Every structure is written in C-alpha cells, then in structure tokens.
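The values are calculated or read from the model by the stated rules, or taken from the named source; none is laboratory data. Just so we're clear, the structure is a prediction, and the values are computed from it rather than from any experiment. As a convention, Cβ positions derive from the backbone with ideal geometry for all residues, glycine included, and neighbour counts pool all protein chains shown. Heavy atoms of the whole protein, side chains included, go into the accessibility calculation; ligands, DNA and RNA do not. Shrake-Rupley method; radii C 1.70, N 1.55, O 1.52, S 1.80 Å.
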Amino acid sequence: MLFSGKALTVQMLDNGIAELNFDLKDESVNKFNRLTVSEFSEALDAIEAADGVKGVLLTSGKDVFIVGADITEFGDAFSAGAEGVADLMNKNNENINRLEDLPVPSVVAINGYALGGGFEVCLGCDYRVMGEKAKVGLPEVKLGLIPGWGGTVRLPRIVGVDVAAEWIAAGKEQKADSALTNHAVDAVVPNDNLKDAALSLLQRAIDGELDYKARRDIKKSPIPLNDTEALMAFFTTKAFVGAQAGKHYPSPIAAVTSMEQGYKVGRDEALKIEQQQFIECAQTDTAKSLVGLFLNDQKIGKVAKSWEKKADKKIERAAVLGAGIMGGGIAYQSAYKGTPIKMKDIDQKGIDLGLKEANKLLAKLVNRGRMTPEKMGETLNRIDPTLSYEGFGDIDVVVEAVVENKKVKHSVLTEVEDKVSEDTIIASNTSTISIDTLAEPLKRPENFLGMHFFNPVHKMPLVEVIRGEKTSDNAVARVVAYANKMGKKPIVVRDCPGFLVNRVLFPYFAGFSMLVRDGADFQEVDKVMERWGWPMGPAYLMDVVGIDTGVHAEKVMAEGFPERMGKSFKAASDVMYEAERYGQKNGKGFYNYEEDKKGRPKKAATEEAYELLKPHVAERREFEKDEIIERMMVPMATELARCLEEGIVDSPAEADMALVYGIGFPPFRGGIFAWLDKVGMDQFVKMADKYAELGELYKPTEQMRKMAAEGKTYY
Ligand SMILES: NC(=O)c1ccc[n+]([C@@H]2O[C@H](COP(=O)([O-])OP(=O)(O)OC[C@H]3O[C@@H](n4cnc5c(N)ncnc54)[C@H](O)[C@@H]3O)[C@@H](O)[C@H]2O)c1
C-alpha cells in the first residue's frame, strides 16, 4: 500500500500501475470534502515519491465515482470572503494539476456519478473509461456557481467550446452515450468490465501505443480558435445562455465568460481566470440562496427518510378516489413509479378522462425516447380503473381526490372506511378543508390524514402531509413513504385551513385583490411580480388554478381565519367568477386563452376583463414597483411567520422548501424566510407598518417585532 487514508488509498497493482481508490469512510458517497482533498494531495506525494510507478488508475469503492464538492463546507468558506473561497478551491486545483502533470499516464474508471469536482478530476486524467450506467456532468450553475476546479478550462479543450458551454450552462447530467458521442470519454463499457477495460487502456498508454502526452498538451494549451471563430462562438453562446438563464441567474454567463477570457491562454492562466469568476459567483445572493436551498433539500430528505423508517409496512397497493385532474395525475404518478393503483370514480366519463391523461403523459415519454412502448404498457397496467370498491380490502393507502366539498368528502370517506381493512391509511387530497373537520365522522381517525398534491401532479415536487390531531405516527410514516416512492418531496405539517402552502397563498391573493381594488392594473402587477422572480404573476396564476376553484377556496380560508382573511369588498376574482370567466379551463379569465400550434393555452390581454372590473375598482393609477412588491409579499411572509410560530411547520427550511416546490417561489431568493433574513426584520416591520391601514394581514406578529428589536434572523 503506497497510501492509506480515511478517504482514499493507493496500492500498487501489477506492471507498475498505482490504483488510487476513492472510498470515503462512514459515508455512502465519495465527495471532495476537506479531508478527501487533503488526502488526495498526500496520495499524490506518495505516487510521485514511489519507484517504478508506470501509470495511475483512478477508481471508486462506492456505487458513485465522486458526487462533487462537499456543499456543507461552502457556507463558512464563502462567508470568509474572496480569500475563504480561494482557500477552499486552491488545494484541489493543485491536486488535479499535479495528477495531470505526472510523468506517467493516468486513466479513470468512471463507475457511477461523476459530478462537479468529481467530473473535473476525471478531466484531469489522460483517458476516461465510463461504465454504461454512470453519469457525468458539471451541475455547478444549479448552485449559482461555475465549475471551479478546471471544468471551464479542460472541458472546452476536450469537447469543444459549443458542447462545453451547453453542458456547463445547463448543468445537466450526461448519460454514457452522450459523453461518448461528444468525446468527453474515450470508451463506454458494461460496468462489470470497467476496471479491466480501464487497465488495458492504461497499459496501451504505458506501452507507447497511445500518445498520452499529445492529449495533455491539448488540455494545457490555448484553444486554437481565430478571432472570428471565437467571436462567433462566444457571442452567440452568451446571447443564448443569457436568455435561457435570465437576469437572476448570472452564473451560466460567468461560465461562458471564463471560457471566453481563458481560451487564448494556457491552462495555468485560464485556471486563474476561472477562479476569479468562481469567486464572484460565490459572493452573489443567488449562490447563497441556491446553496441554502440545496442544504434545505438535504434536510427535508433526511426528515422524510426518518419518517419512512417508522412505517409498519412498505406501500405495495394504493387506491385513489376520484379520477379527475388530481386523481388521474396521482394514479399516473403512482403507476409510473411502480406502485399499482386502483382508480375509482362514480362516473365512467371521469375514468376515461383520467386514463386519457395518463396515456398522453406516457406517450410523450415514448415519443421522446425516454420510455419503451413495453414499459408504457406495464405502467398503464398498474392503473386499475373501477366504478366499485371491489378489492379495496388489501389496500395500503387510499387517497381521496373527489370534489372539494365537505359534505361529499364526509360521505365518501365514511363509505371507503367500511370497505378497507382496519389498518388501511386513508388520506385526503383536499386543498383547504381542515383534516380534523374531515376526520369528524370517521371511526378510525388515527388512520386518517392529508396528502396534498399540487397540480400538475407529475411536475410539482411537493406533497404536503398533514397530520390531524388524532393522526397516528404510523399513518404519517406510511404516507411519507408512499410520497417518497412516488418521487415526491413530502413535508409534514400540522392541520389548519389551507395547511401551509394555501394558507400563505391566499393572503398573497388578498394583497392582489386590494391592489386591483385600489386602482392597480392587474397586468402591471403580473409583470412586476414576474420580474421579481415568480414563474407567473397573481392574475395569471389564478387563471391557471381556476377562478372558480380559487373563489371557493378563498371562502373556506375566510371562514377559517375571518379576522384576517374575511373581506368586505368584491374582489377582482369574484367579478371574473360572476361573469363565468373561470380562467384557462374555459378560455377566459383575467386574460383570454387560445391554443397555440402545439395545443398549449396561450394568454392574451383583453379589454373585456377591464370593462367588467371598472364598476368595482378605483380609477386606474400607477403604483411604484416597490409598493406592488411590498403589498403582495408582506401578507404572505407574515402569514408564513405565523405558521412557524403556531407549529404548523417545524422549521424555516421546511417552509421555504414547501413554497419553492409547491408554488415555484423564486429559488434564487432562497425562500421567504431567507428573503426576510436578507431584508432584515427591522426593515420588514417598517415596510409592513406602512400598510397598516390595509388590515390585519399586514400586521407583523409580536414575535416578529421582538425579532426586529433583537436583530434576530430565521437562519
Ligand atoms: N385541481 C387542483 O389544482 C387541485 C390541487 C390540489 C388539490 N386539489 C383537490 O383535489 C380534489 C379533486 O380536485 P380535482 O381538481 O381533481 O377535481 P375534479 O372535479 O377534476 O375531479 C373530481 C372527480 O371526483 C369524482 N367523484 C365525485 N364524487 C365521487 C365519489 N363519491 N367517488 C369517487 N369519485 C367521485 C368526479 O366524478 C370527478 O371525476 C379536491 O379536493 C381539490 O381541492 C385540487
């Protein structure tokens, strides 16, 4: 053994080959934490000092190769300013350069995920052999960063500027076939043959059959582009990348800038340029927010896993009641992720619609080559459409998704309780009705809870798991396990009308209604909020949700929280509802909708909506952009703070993730609590107090005022 550490080892194989094996102790994956980086350096010392080393093989002792840097180390390093960032990055840059400069050839066997720094170390090797199941990629932009260990330097020198820019700016993982076609790797082999194939390639390099030095030269030299070629390549790429990423996400452009400024110089100079760009990105609010979200995501994942472990059994069979928009989506998602599901409705038409939707989604996957027709058949077979309760005796979880009406739900829930076994868990997908209210007529309220999906189910990651007063731990655990199995992000919250997400969404809509009442142009409000980062403004969002659904839910919320959410005026949404403008679903809402060439609804402004609103709103007037943002965000943020104080949600991290995953809160802002921390509670309280005359929704809680006085933050 040349070197033996806690993160990696180096041992001599036959023929003078040193195998450097990454295998981080007590962890399920390899990552470049400070320990690994420091041992990597010691391992290179040992290789450089050893006699008779003719070649180096890099391998992994885990299912993955290396998943990247240890993001938990970013926070402290980044808050130490430019020096802290440089300090975190320098050592591994040195390591990868030393690997690349060894007097002998190097080959890496990429057995699983090689992402970020994990892929950058592969790019430092002379040759790359990849297992069929492995994936490579540079996903740093997803954290608001750019590759910082030579990714923007070596990748364009290996695969060309266009492909490198595309890979880095999109941050997508690449499968083996894409990596091979684009020459990012030299061979793809079945995982079982990986090490042998890598060794044989290394032997050929050692024997002089392959000119590894020529390859190295390419990676260490400027990129041979003339000025016109460079102008074309970088100019068009930047325009494209900038348009895709948008102004709130500057790092994809920084990655292209690093390539643009570094293409004319050799490796070492180019690495300095990359580092400068990396440091600038690391100091942006966007990076801070996205790194924060990544860590929050890990946290909610851990919480969900620990719930799952408490479940008494695995979810093998599910059922959904109601085959409408939501029921159809739930059936599709369950079947797609492998859990057979009965889909019951009282109306054959409902069932036909549910199946049609599932068929459409699966056909799309088949057409895009992401699923075989056989798999599509298997998936559809997992959905068992039915008009009866036959076979409900051995169902593990039933999800109720019938119309949002307390009476109907009570009747359906008591009915199904009689058809299932004593230990079946029954969950309701209600959007607003309190779980304790729904549980009232049930014999086994301990087996009942909320499982709130978001529309469209296959796209929206969040599932709110709502525990009522009598819900058992096992019921929560089983439903969390089911959500995990469906590939969703479950977050456990306590019961109240609207639960977490809708409880804070309706105050936001109330902010919108008051703005329009006071003379704001709804299109202007949409534009301002979209520029602020929301995927759609409030009027457009209401049209997409359905004005009828929104108006109904708003009533439920007003009954639940009359002191804050009861309203004394006719809101714009009420006006639309009375005019039967229900939004996208019937082609008319705040906007008019027509189908585009691809059959997707396309919105267009219409005078009709303004005419209808005129008698109910103040004369149109201009509002400052900041006033619009504040009047929209104060009620939402204040209600969220209330939810945390009341224990509806356990932590700021879970609340922030719920809003990002459930309603697309702009990720670059890191969540509402992260936004409040950035604004500062003292400033926020001042901001809210300006609007005190707008009502209770604008009044910060006592605890918020206390936090303001004490200078406290949520994170
Ligand atoms: N649409 C959304 O955006 C959304 C999002 C989250 C949650 N939800 C909630 O999901 C539930 C369903 O909403 P939807 O939009 O899918 O409604 P929908 O009107 O599209 O579907 C309801 C389905 O339930 C069926 N149904 C009615 N009574 C039934 C019964 N006794 N047994 C079996 N089926 C019955 C109807 O035939 C219909 O097919 C509601 O509680 C709603 O609040 C909706």
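Couple of notes before you dig in:
- If the condition is being within 18 Å of GLY55 (Cβ to Cβ) and either in contact with a Phe, Trp or Tyr (Cβ under 8 Å, 6 or more places away or on another chain) or not assigned by TED's automatic domain parsing to the domain that holds ASN30 (or both), then segment 110-137 contributes ILE110, VAL121, CYS122, ASP126, TYR127.
- Considering segment 491-517, the residues that are open to solvent by less than 10 Å² (accessible area, probe 1.4 Å) and touching a strand residue (DSSP E or B) at 6+ places or on another chain (Cβ under 7 Å) include one that is farthest from MET557 (Cα to Cα), namely ILE491.
- The sole residue among ASN405, ASN447 that is surrounded by fewer than 22 Cβ atoms within 10 Å (Cβ to Cβ) and either outside the structural domain of LEU365 (by TED's automatic domain parsing) or under 33 Å from the mean Cα position of the chain (by Cα) (or both) is ASN405.
- Given (1) more than 10 Å from the ligand (Cβ to nearest atom); (2) closer than 22 Å to PRO461 by Cβ, number of the condition VAL399 does not satisfy: (1)
- Scope segment 402-445; condition within 11 Å of the ligand (Cβ to nearest atom) and among the acidic types (Asp, Glu); matching residues: GLU404, GLU415
- Scanning segment 639-693 for residues that are more than 19 Å from TRP532 (Cβ to Cβ), over 18 Å from the mean Cα position of the chain (by Cα) and part of a helix (DSSP H, G or I) yields a count of 12.
- Among all residues of segment 307-318, there is none that is outside the structural domain of GLY391 (by TED's automatic domain parsing) and among the aliphatic types (A, V, I, L, M).
- Some residue of segment 217-225 being part of a helix (DSSP H, G or I), touching a residue at least 40 places away in the same chain (Cβ under 8 Å) and open to solvent by 80 Å² or more (accessible area, probe 1.4 Å): yes
- Residues of segment 352-383 that turn out to be open to solvent by less than 10 Å² (accessible area, probe 1.4 Å) and either more than 16 Å from the ligand (Cβ to nearest atom) or modelled with pLDDT of 95 or more (or both), as a count: 2
- Count of segment 324-351 residues which are away from the ligand (no atom under 15 Å from the Cβ), open to solvent by 10 Å² or more (accessible area, probe 1.4 Å) and outside any helix (DSSP H, G or I): 3
- Top-ranked residue in segment 526-550 [being within 26 Å of the chain's Cα centre (by Cα) and among the aliphatic types (A, V, I, L, M); ranked as nearest to the ligand (Cβ to nearest atom)]: VAL545
- Some residue of segment 15-26 being assigned to a helix (DSSP H, G or I), buried (at least 17 other Cβ atoms within 10 Å of the Cβ) and in contact (Cβ under 8 Å) with a residue 40 or more places away in the chain: no
- Residues that are among the aromatic types (Phe, Trp, Tyr) and within 22 Å of LYS342 (Cα to Cα) number at least 1 in the following strands (runs of 3 or more DSSP E) confined to segment 394-491: 448-453.
- When residues of segment 455-470 are limited to those that are open to solvent by less than 20 Å² (accessible area, probe 1.4 Å) and either under 22 Å from the mean Cα position of the chain (by Cα) or within 16 Å of ASN502 (Cα to Cα) (or both), the one farthest from the ligand (Cβ to nearest atom): VAL465
- Only a single criterion out of (1) over 17 Å from LEU202 (Cβ atoms); (2) of a type in the set (A, V, I, L, M); (3) open to solvent by less than 10 Å² (accessible area, probe 1.4 Å) is not satisfied by VAL29, namely (3).
- Segment 586-596 - residue that is over 29 Å from the mean Cα position of the chain (by Cα) and among the charged types (D, E, K, R) and, of those, nearest to LYS364 (Cα to Cα): GLU594
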